[in-house]
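Presented below is the structure to which this report refers.
The values are calculated or read from the model by the stated rules, or taken from the named source; none is laboratory data. All of these numbers come straight from a predicted model, not from anything done at the bench. Note that we place each Cβ from the backbone using ideal geometry, even for glycine, and neighbour counts take in every protein chain shown.
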């Protein structure tokens with residue numbers, strides 16, 4: 001196995017090693033891919049209206065549990081009725097990257113995705129209802145997953161479908177790196193998103209519709225692989241297309257359902273604009289250690305002014321300013337490593353905190369190295385734990401299997417750390433669909449067999465079970481339906497209790513921080529203060 005992976009890593013395209021493919025990505029089912037439903041553009045959504053609304057409603061519910069905080073910002077107003085938008089971000093967190101854009105942008109989206117997301121069990125059924133268009137990547141083609149003719153035909157079909165959606169005013173998300181990864185800076189840019197938005201512009205021009213634009217999107221996760229991390233989605237200034245970029249031959253070809261490649265110089269021009277803007281909306285550091293050091297510096301600088309960084313977006317922007325103002329720093333792609341004695345001190349201090357599970361938020365004020373626990377948070381922590389323990393039986397029965405499955409799949413996947421939370425999300429999403437109805441039936445049966453004892457305990461007559469209905473069956477049906485919001489509440493209570501556990505553990509670590517290390521940390525921080 002090791003020899004096989006090593007052989008795959010040696011494959012190079014355009015001077016770069018191809019990514020190692022997961023077992024799922026290697027399974028090409030070309031007939032099934034070619035039969036994937038195409039989007040429709042005469043409705044408010046490109047796929048099934050019912051299943052799309054259900055899917056995104058559930059995605060919002062799961063995301064609210066998976067992330068502790070979620071925030072978004074935009075330099076321009078995001079409108080549903082505005083021209084089509086091709087959103088492009090860096091790609092380090094699997095399914096959570098496009099999902100973050102979908103849930104924070106007001107548009108409905110036509111979706112292109114890796115081919116196996118359309119053919120997997122369960123997930124494939126749902127993605128086909130959402131009219132997700134499969135795409136074959138260069139790595140899969142070069143490794144023999146399908147013939148070049150099949151890949152060209154499938155990708156041409158999918159990209160034309162996505163282009164049509166963007167031309168008709170929908171949004172779309174494509175990642176210029178072409179793959180999810182674990183680097184702290186962006187990989188080499190591919191041209192697929194640019195070619196797709198140019199085809200969309202040609203279709204829009206042929207139909208006398210507003211030309212779409214390209215939107216750089218910053219995707220920021222405090223620790224992407226952790227449950228209850230912080231998420232920030234940052235929409236940047238759009239790259240506007242004009243009529244001069246769209247040749248007449250391309251307009252004629254796409255209006256007839258064909259495909260003509262846009263001029264290479266125009267593709268490279270727009271790609272270079274995107275490459276100038278997007279990396280600065282990412283950590284854009286040579287290593288994750290450097291990234292942590294910059295975030296610590298941002299906290300130290302705020303503390304020196306008697307301020308603090310109140311949330312994750314403010315920390316992202318403060319760390320970006322620290323990076324851009326660093327002596328000798330130049331905005332290059334890929335980024336050059338930071339250097340100097342001040343950086344070495346910042347890096348040492350950041351790694352000391354990282355080794356204890358702490359970060360810049362744990363710094364103290366008014367000369368204290370580490371902050372104390374806030375007693376004012378104690379009442380809310382006790383309330384969160386009380387609610388959790390009251391709902392614990394429901395949490396164990398409705399969430400136990402999902403949590404175990406998500407942990408197992410996330411820790412055992414061959415797709416890398418960037419796919420860990422994707423599997424946890426899918427376990428929660430499909431677990432709610434498949435597990436909750438069965439568990440609700442179990443709780444309803446338990447109520448039925450014990451309704452007499454429950455009535456005696458509560459001092460109610462046996463008729464309490466009917467809940468004002470004409471028959472026991474109707475009353476039991478209401479009990480069955482009531483189980484689902486209780487399961488949801490138990491999930492929220494689990495998330496709240498998890499936050500209390502994390503905060504309590506960090507408070508304990510700060511209190512028990514070794515005195516010699518604390519002394520060294522104090523020295524390093526004092527040398528970082530401007």
field: Residues of the range 497-530 classified as part of a loop (DSSP other than H, G, I, E, B) and crowded, with 17+ Cβ neighbours inside 10 Å, total
entry: 1
message: I want to confirm something. Restricting to the range 330-367 and keeping residues that are in contact with a strand residue (DSSP E or B) (Cβ under 8 Å, 6 or more places away or on another chain) and not in a loop (DSSP other than H, G, I, E, B), which single residue is surrounded by the most Cβ atoms within 10 Å (Cβ to Cβ)?
response: 363
query: Can you find even one residue in the range 308-318 that is more than 22 Å from the chain's Cα centre (by Cα), crowded, with 21+ Cβ neighbours inside 10 Å and farther than 29 Å from residue 197 by Cα?
result: no
task: Determine which member of the set 317, 330 is under 25 Å from residue 220 (Cβ atoms) and at pLDDT below 95.
output: 330
- prompt: Going by the structure shown, is residue 277 under 28 Å from the mean Cα position of the chain (by Cα), surrounded by fewer than 20 Cβ atoms within 10 Å (Cβ to Cβ) and under 26 Å from residue 99 (Cβ atoms)?
  reply: yes
statement: Filter the range 368-378 for residues that are outside any loop (DSSP other than H, G, I, E, B) and in contact with a helix residue (DSSP H, G or I) (Cβ under 9 Å, 6 or more places away or on another chain); the one that is modelled with the highest pLDDT is 370
